[in-house]
Structures are given as C-alpha cells and as structure tokens.
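Peer 1: Quick one: this structure, given as structure tokens, is what I'll be asking you about.
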Amino acid sequence: MTFPEFEQSLTSKAAPAELSPALLALWYDGTGNWQRAHEVAQDLDDETGSWVHAYLHRKEGDDGNARYWYRRAGVTPASGPLDREWRAIVEALLVRSY
C-alpha cells in the first residue's frame, strides 16, 4: 500500500484488512478517532507501538507522557507539526509492512 492509498482509505467506513496494528492505530487517528487509536496503540508492546503511542500523547498535549513513549521507541521526540509527524510515521511503517 502506498501513502496515497492509505490516505484515501481514511474515507472508508472500515480500515483496510491488511494494516498492521500500528498502522491501524494511525488509521483511526487519521479518521478523527483518537480514542480508538489510543486503545489500539496501548496493546502494542514494541518500539513501533511505542512510537505511535508517543505521537498520540503528543497530539493529546501530554508532553511528559509522550517523551516517555518516545524513549521506549528509541526515537527522538518530534517537535514539528503533528500532521507532518503522522505522515512520517505512516510512511515509515508502510515501508516496513510491505
């Protein structure tokens, strides 16, 4: 799946079946469902899940919690626009998934 295809899927009622759990969390966030995105991210116990979790807490405005999750992910905390970070994570995970 390409980023444009992922982005287009946000208009669908259901997420594409082939998404990894981390991408599924970002899909929910992309549709405006932060709560469901966070629920999915909470169940991911790896660096990828921690990266998504960090982004979600940053978006929520909980910078302290976000820093914790960035550390667990081994990723430098983001500081730019949220939409740019969301896209960067999606693109990175799409490359890893396919």
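None of the figures in this text is laboratory data; all of them are computed from the coordinates on show. All values derive from a computational prediction rather than experimental measurement. Glycine also receives a Cβ, built like all others from the backbone with ideal geometry; neighbour counts cover every protein chain displayed.
Peer 1: Could you identify which residue out of A25, A14, A66 has the top mean-square fluctuation in a GNM of the chain using Cα springs shorter than 10 Å?
Peer 2: Of the options given, A14 has the highest mean-square fluctuation.
Peer 1: Relative to the compact globular guide of 2.2 N^0.38 Å, what is the alpha carbon radius of gyration of the range 42-85, as a ratio? Could the numbers behind the result be given before it?
Peer 2: Details: Rg = 9.3 Å, N = 44, 2.2 N^0.38 = 9.3 Å.
The value comes to 1.00.
Peer 1: For the pair Y68 and L10, what calculated FRET efficiency results from E = 1/(1 + (r/R0)^6), where r is the Cβ-Cβ distance and R0 = 25 Å, to the nearest 0.05? It would help to have the intermediate numbers written out before the result.
Peer 2: Values: r = 28 Å, r/R0 = 1.12.
Plugging the Cβ-Cβ distance into 1/(1 + (r/R0)^6) gives 0.35.
Peer 1: Where does the chain land on Rg(C-alpha)/(2.2 N^0.38 Å)? Let's see the in-between values first.
Peer 2: Details: Rg = 12.3 Å, N = 98, 2.2 N^0.38 = 12.6 Å.
Dividing the Cα Rg of the chain by 2.2 N^0.38 Å gives 0.98.
Peer 1: Along the charge dipole of the range 20-97, which of S20, V90, H53 sits closest to the positive end, that is, farthest toward it, with unit charges on the beta carbon of Lys, Arg, Asp and Glu (+1, +1, -1, -1)?
Peer 2: V90
Peer 1: To continue, here is another question. State, to one decimal in nm, how far the label point of W34 lies from the label point of V95, with both points 7 Å from Cα in the Cβ direction.
Peer 2: About 2.8 nm, to one decimal.
Peer 1: Measure off 7 Å from each Cα along the Cα-to-Cβ vector at F3 and E60, then give the distance between these two points in nanometres to one decimal.
Peer 2: A separation of 2.7 nm, rounded to one decimal place.
Peer 1: Also, I was wondering about something else. What is the sum of charges around V90, taking Lys and Arg as +1, Asp and Glu as -1, for the other residues whose C-beta is under 10 Å from the C-beta of V90?
Peer 2: Numbers: positive: R87; negative: E7, D29, E85, E91.
Overall, the nearby charge balance is -3.
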